[in-house]
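The values are calculated or read from the model by the stated rules, or taken from the named source; none is laboratory data. Only a predicted model underlies this, so the values are computations on that prediction, with no experimental measurement involved. So basically every Cβ, Gly included, is an ideal-geometry build from the backbone, and we count neighbours across all protein chains shown. Each accessible area value is taken on the protein alone, full model and side chains, heavy atoms only, with ligands, DNA and RNA left out. Shrake-Rupley method; radii C 1.70, N 1.55, O 1.52, S 1.80 Å.
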Amino acid sequence: MHENFDFSVTDRILADHKCAQQLIIAILQDIQEHYRYLPREVFPYLAEKLDMSEARIYSVATFYENFSLEPKGKYVIKICDGTACHVRHSLPILERFRQELGLSENKHTTDDLNFTVETVSCLGACGLAPVIMVNDDVYSAMTPEKASELIKKLKEELANA
Amino acid sequence: MLKSRSELSALREEYAKAYAAQSRRLIVCAGTGCVAGGSMKIYDRLKELLRERGLSVAVELEVDPHGDVIDLKKSGCHGFCEIGPLLRVDPEGWLYTKVQLSDCEEIIEKTIIGGEHIDRLAYKCGCNTYKKHDDIPFYKNQTHIVLDQCGTINADSIREYIAVGGYSALEKALFEMSPEAITDEIKKSNLRGRGGGGFPAGRKWEQVRRQNVEQKYVVCNGDEGDPGAFMDGSIMGGDPHRMIEGMIIAGIATGASVGYIYVRAEYPLAVERLRTAITQAEELGILGDNILGTEFSFKLNISRGAGAFVCGEGSALTASIEGKRGFPRVKPPRTTEHGLFDKPTVLNNVETFANVPLIISKGADWYLGIGTEGSPGTKAFALTGNIVNTGLIEVPMGTTLREIIFDIGGGMRDGAEFKAVQIGGPSGACLTAEHLDLPLDFDTLKKVGAMIGSGGLVVMDDKTCMVEVARFFMNFTQNESCGKCVPCREGTKRMLEILERIVAGEGRDGDIELLEELADTIVNTALCGLGKSAPNPIISTIKNFREEYEAHIYEKRCPAGACQKLKKIYIDPELCKGCSKCARQCPVDAISGKIKEPFEIDLSKCIRCGSCLDACPFKAIKEA
Ligand SMILES: Cc1cc2nc3c(=O)[nH]c(=O)nc-3n(C[C@H](O)[C@H](O)[C@H](O)COP(=O)(O)O)c2cc1C
Ligand code: SF4
Ligand code: SF4
Ligand code: SF4
Ligand code: FES
Ligand code: FES
């Protein structure tokens with residue numbers, strides 16, 4: 001076990017869910033919400049506390065697309081490629097984000113861990129397609145140009161933080 | 001905590017009175033679309049401005065307001081998000097559209113203080129101005145029974161829900177009806193599952209009710225996996241109590257004491273509203289132990305999905321709630337016998353449950369009067385694509401595509417020609433011009449090889465390539481295949497490869513036949529509904545648009561002019577003024593040149609996205 005990993009957050013989350021095996025998905029969701037990914041250190045810890053095998057926890061974590069074993073960026077940019085957004089040209093927007101950030105189909109997160117670019121299918125705002133989401137904020141009627149402006153703005157926010 | 005029926009009735013009377021007494025009500029749309037457009041900032045600004053002017057503001061229904069109060073509320077999605085952010089002004093029923101932060105002062109001055117309508121903010125179409133929400137053609141041609149409160153009531157308030165008659169069906173079910181009578185009423189109403197299959201809900205309830213088992217469950221499927229559909233999300237976020245009421249009634253009817261709502265990961269707003277709603281219902285004693293002082297107890301939990309489309313399938317969904325990987329299992333046994341935690345389980349869709357309180361309150365006979373004989377009631381659809389009005393709609397079953405596209409949808413966008421509509425998302429099929437007058441209901445669609453499915457309706461014009469549409473959906477399902485069985489895992493991969501080849505201009509003789517053969521195998525041998533229905537979009541596009549496939553394969557040509565790899569984009573040096581605007585638009589830096597000299601496109605970099613075509617002020621960029 002990693003000596004210098006702080007398990008207090010994990011403990012709190014486990015307590016919130018009464019250490020119930022059945023709630024493993026909710027537990028992993030809360031952990032991911034906190035760290036923005038699932039740190040490897042938590043797996044043996046959860047296995048012990050929940051009395052289930054580490055392999056089973058890994059199998060759950062890898063089955064669901066929302067879980068990430070790799071650290072994600074401070075800003076997670078989700079580009080909607082649901083039907084409504086697709087027919088209104090969501091792909092050029094995705095391309096633009098990737099280009100601005102030096103990312104690709106195989107590389108989703110910048111090395112400085114500031115940005116992650118992913119696609120999702122429908123964010124429930126189809127009337128404003130094409131739509132993207134940055135962390136919890138939805139941006140509507142996007143264009144490649146707006147994408148570039150947004151990256152500029154987010155980078156400024158990072159610089160001023 | 002309410003301890004009896006009369007206490008709830010008394011409370012309802014009090015709330016109804018307070019609700020009716022509201023003299024000025026502003027309802028800001030707080031659905032996902034309008035929030036993205038800044039509606040919450042508008043809400044805050046209106047509140048601030050009202051207070052600055054010394055007007056008292058009520059954000060929750062107040063029973064005994066002191067003096068004149070302006071009610072400022074947040075609603076769920078109205079369905080017509082593209083004209084948002086929306087503000088509804090009551091009692092007049094006015095709808096203000098595309099409201100901006102800078103409009104707030106004027107709204108307070110003119111409308112609140114002066115009582116005047118602001119023409120500038122009204123919805124306009126052609127030369128007509130529509131002041132009232134209900135007069136707008138998009139709404140006028142719809143029948144809202146399930147969605148009728150989405151957009152009019154405060155989505156965060158159990159008080160308003162009760163004031164407009166909410167939880168009276170629960171009262172009736174709890175105090176006037178036996179579990180058998182409730183089940184019989186649902187059976188008689190012929191309410192059919194809105195999650196895709198159209199299985200009669202009453203039959204499921206009956207199967208669960210009859211089993212003499214201690215623990216049973218009620219599960220609501222709010223996974224809404226079809227990309228491009230958002231009606232279940234809107235119901236959960238716009239009128240959460242209605243669905244909860246339906247679930248509690250299912251609990252009474254079947255003898256289940258625990259319920260789960262499985263909500264799609266991408267709906268944080270719906271989760272928040274449901275959480276609020278559950279807490280409010282618990283505080284009033286409408287959920288929890290001994291509901292309204294009776295022997296009946298019902299506990300409701302929320303499970304959030306984690307991004308797997310296959311979890312919309314019943315057995316995968318229950319596995320996911322149990323904290324396992326969402327693999328479907330072989331059926332039978334059915335969910336009604338071995339469902340959640342291996343116990344008898346009623347699994348229904350959000351919209352299905354939302355219909356239940358209406359049927360119990362107004363009776364099965366009333367319900368049977370709406371829709372068609374075999375498919376009573378209404379259906380919500382998510383209308384998108386190349387039409388004038390896109391959004392969430394609700395129409396009686398049996399409405400025709402023509403009515404939906406032309407009366408509600410306002411016709412094709414930019415005067416384009418109608419080509420097809422894809423119904424039911426990635427598991428669905430396409431319908432063509434010959435189906436425009438077909439009544440949309442479960443049985444009629446089945447006859448033509450389509451299905452209502454999730455309720456996604458994508459309208460396509462003559463510039464849409466049907467092979468590309470097929471590829472898009474296959475790409476989606478292939479990605480979402482859980483990999484448990486070979487036909488689906490390997491078969492969809494092969495089908496996708498072939499489709500990708502065809503749209504890239506590398507199709508070969510025999511590809512169509514190969515697609516048909518693979519489709520046939522997958523449909524007949526895949527383990528769950530995902531695999532069984534994955535080939536549907538391909539089967540139906542081949543059936544209806546075989547010549548498009550052939551043009552791609554044999555002539556390397558996309559008849560719709562949509563397939564990017566079959567396009568050549570070039571700059572006409574005669575027309576180009578060298579302004580560089582296109583180069584700035586290009587997402588992949590494929591355009592270069594010297595200012596004031598003709599620019600050039602590097603086709604090896606160009607991804608044929610088309611952005612530059614619209615960007616050039618001189619129309620110098622062309623496709624061949
Ligand atoms: C791959 C797959 C995905 C599904 N996704 C959903 C969904 O997102 N929402 C839904 O209500 N039903 C979905 N279903 C249908 C459910 O399995 C089930 O039939 C339905 O929830 C039952 O409710 P109903 O009878 O009220 O429609 C899906 C089925 C399959 C095979
Ligand atoms: S058909 Fe597809 S999704 Fe369903 S069990 Fe088989 S592999 Fe999984
Ligand atoms: S079509 Fe798109 S990728 Fe190609 S040159 Fe134009 S903007 Fe660039
Ligand atoms: S935008 Fe048009 S005129 Fe300007 S450089 Fe590009 S092609 Fe030439
Ligand atoms: S398809 Fe993009 S928000 Fe629905
Ligand atoms: S979110 Fe406001 S109308 Fe849909």
>> Using only the alpha-carbon atoms, how far is helix B:511-525 inclined from the longest principal axis of chain B? Give it as 0 to 90 degrees, nearest 10.
In response: 30
> Along the positive direction of the dipole of region A:14-161 (beta-carbon charges: Lys, Arg +1; Asp, Glu -1; about the Cα centre), which of A:Cys122, A:Pro144, A:Leu38 reaches farthest?
Replying inline: A:Pro144
> Angle between the Cα long axis of helix B:466-480 and the longest principal axis of chain B, 0 to 90 degrees, nearest 10?
Replying inline: 60
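Give me the inter-chain shielding for A:86-98: mean count of other chain Cβ atoms within 10 Å, whole number please. Intermediate results must be reported in sequence, preceding the final value.
Values: counts 9, 13, 4, 4, 0, 6, 10, 3, 2, 6, 6, 1, 2.
Across A:86-98, the average partner-chain Cβ count within 10 Å equals 5.
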> In region B:462-500, which residues become less accessible by 30 Å² or more once every protein chain is in place, relative to the chain on its own, using a 1.4 Å probe?
Replying inline: B:Phe472
> Among B:Gln211, B:Cys558, A:Ile77, whose Cα lies farthest out toward the positive end of the dipole of the protein assembly as shown, if unit charges sit on the beta carbon of Lys, Arg (+1) and Asp, Glu (-1)?
Replying inline: B:Cys558
>> Connecting C-alpha atoms closer than 10 Å in a GNM of chain A, tell me which of A:Ala20, A:Ala84, A:Ala129 has the biggest fluctuation.
In response: A:Ala20
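Mind ranking B:254-261, B:95-102 by how tightly packed they are, going by the mean number of other C-beta atoms within 10 angstrom, highest first?
On the way: B:254-261: 22.5, B:95-102: 18.1.
Final packing ranking: B:254-261, B:95-102.
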> Distance from the Cα centre of region B:341-394 to that of region A:92-161, in angstrom?
Replying inline: 36
> Expressed as a rounded percentage, what relative contact order does region B:18-135 have, with Cα pairs under 8 Å and six or more residues apart?
Replying inline: 29
> Just how far, in whole angstrom, is region B:5-40 from region B:171-185 if you go by their alpha carbon centroids?
Replying inline: 28
>> With a 10 Å cut-off between alpha carbons and a GNM built on chain A, which of A:Ser59, A:Ser140, A:Ser121 moves the most?
In response: A:Ser59
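Please list A:Phe63, B:Phe476 in order of solvent-accessible area, largest first, computed with a 1.4 Å probe with all protein chains present. Spell out each step's value before the answer.
Values: A:Phe63 45, B:Phe476 25 Å².
Per-residue accessible area, sorted high to low, gives A:Phe63, B:Phe476.
If I take R0 = 25 Å and measure r between the Cβ atoms of B:Glu516 and B:Arg489 in this structure, what FRET efficiency does the formula 1/(1 + (r/R0)^6) give, to the nearest 0.05?
Values: r = 20 Å, r/R0 = 0.78.
Rounded to the nearest 0.05, the efficiency is 0.80.
Ignoring any ligand, DNA or RNA, what whole percent of the accessible area of the protein assembly as shown comes from carbon and sulfur when the probe is 1.4 angstrom?
Values: 15180 of 31550 Å².
Taking all protein chains in place, the protein assembly as shown shows 48 percent carbon and sulfur surface.
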> Given +1 on the Cβ of Lys and Arg, -1 on the Cβ of Asp and Glu, and no further charges, what dipole in debye does region B:245-292 carry about its Cα centre, rounded to the nearest 20?
Replying inline: 140
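For region A:67-158, give the magnitude of the charge dipole about the Cα centre (Cβ charges: +1 Lys/Arg, -1 Asp/Glu; no others), in debye to the nearest 20.
Here the size comes out at about 140 debye.
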> Quick one: length gained pulling B:Glu176 to B:Glu337 fully straight, 0.36 nm per residue minus the C-alpha distance?
Replying inline: 55.2 nm
> Tell me, what does the Kirkwood hydrodynamic radius of the protein assembly as shown come to in angstroms if you use every pair of distinct C-alpha atoms?
Replying inline: 27.7
> Rounded if a/c is under 1.5, else prolate if a/b is larger than b/c, else oblate: which is region A:51-131, with a ≥ b ≥ c the root eigenvalues of its Cα gyration tensor?
Replying inline: oblate
> Share of antiparallel DSSP beta bridges in region A:75-160, in percent to the nearest 5?
Replying inline: 55
> Roughly how many Å is it from the Cα centre of region B:49-93 to that of region B:475-554, as a whole number?
Replying inline: 51
> Comparing the chain by itself with all protein chains present, which residues of region A:1-43 are at least 40 Å² less accessible (probe 1.4 Å)?
Replying inline: A:Gln22, A:Ile25, A:Gln29
> With contacts defined as alpha carbon pairs under 8 Å and 6 or more residues apart, what's the relative contact order of chain B in percent?
Replying inline: 11
> Using the alpha-carbon atoms, what tilt in degrees (0 to 90, nearest 10) does helix B:268-284 show relative to the longest principal axis of chain B?
Replying inline: 10
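Before we go on, tell me the buried accessible area for the A/B pair, both chains summed, 1.4 Å probe, in Å² to the nearest 100. Can you show the working numbers first?
On the way: alone 9470 and 25830 Å², together 31550 Å².
Its buried surface, counting both partners, is about 3700 Å².
Taking only protein heavy atoms and a 1.4 Å probe, what accessible area per residue, in Å², does the protein assembly as shown have with all protein chains in place? Spell out each step's value before the answer.
Values: 31550 Å² over 785 residues.
In whole numbers, the protein assembly as shown has 40 Å² accessible per residue.
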> How much of A:Thr119 can a 1.4 Å solvent probe reach, expressed as accessible area in Å² and rounded to 10?
Replying inline: 70
> Given only helices, namely DSSP H runs of n ≥ 4 each adding -39500 (n - 2.57), what is the per-residue ellipticity at 222 nm of chain B, to the nearest 500 deg cm²/dmol?
Replying inline: -11000 deg cm²/dmol
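Classify chain B from the C-alpha gyration tensor, please: rounded if a/c falls under 1.5, else prolate or oblate depending on whether a/b exceeds b/c. Display every interim value, and only then the final one.
Details: a/c = 2.17, a/b = 1.25, b/c = 1.73.
Here chain B falls in the oblate category.
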>> As a test question: what accessible area, to the nearest 10 Å², does B:Arg546 have when a 1.4 Å probe is rolled over all protein chains in place?
In response: 80
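Can you tell me the dipole magnitude for chain B around its Cα centre, using point charges on the Cβ only (Lys, Arg +1; Asp, Glu -1), in Debye to the nearest 20?
Computed charge dipole of chain B: roughly 1000 debye.
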>> Could you give each residue of region B:422-431 its phi-based ³J(HN,Hα) in whole Hz, using Karplus coefficients 6.51, -1.76, 1.60 with θ = phi - 60°, and x for Gly or Pro?
In response: 9, 10, x, x, x, 9, x, 9, 10, 10
> Once the dipole of the protein assembly as shown is set up with Lys and Arg at +1 and Asp and Glu at -1 on Cβ about the Cα centre, which of B:Ile360, B:Thr378, B:His435 lies farthest towards its positive end?
Replying inline: B:His435
>> Can you give me the solvent accessible area of B:Cys465 with a 1.4 Å probe, rounded to the nearest 10 Å²?
In response: 0
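How crowded by other chains is B:245-257, given as the mean number of beta carbons from other chains within 10 Å of each beta carbon?
What the average comes to for B:245-257 is 0.
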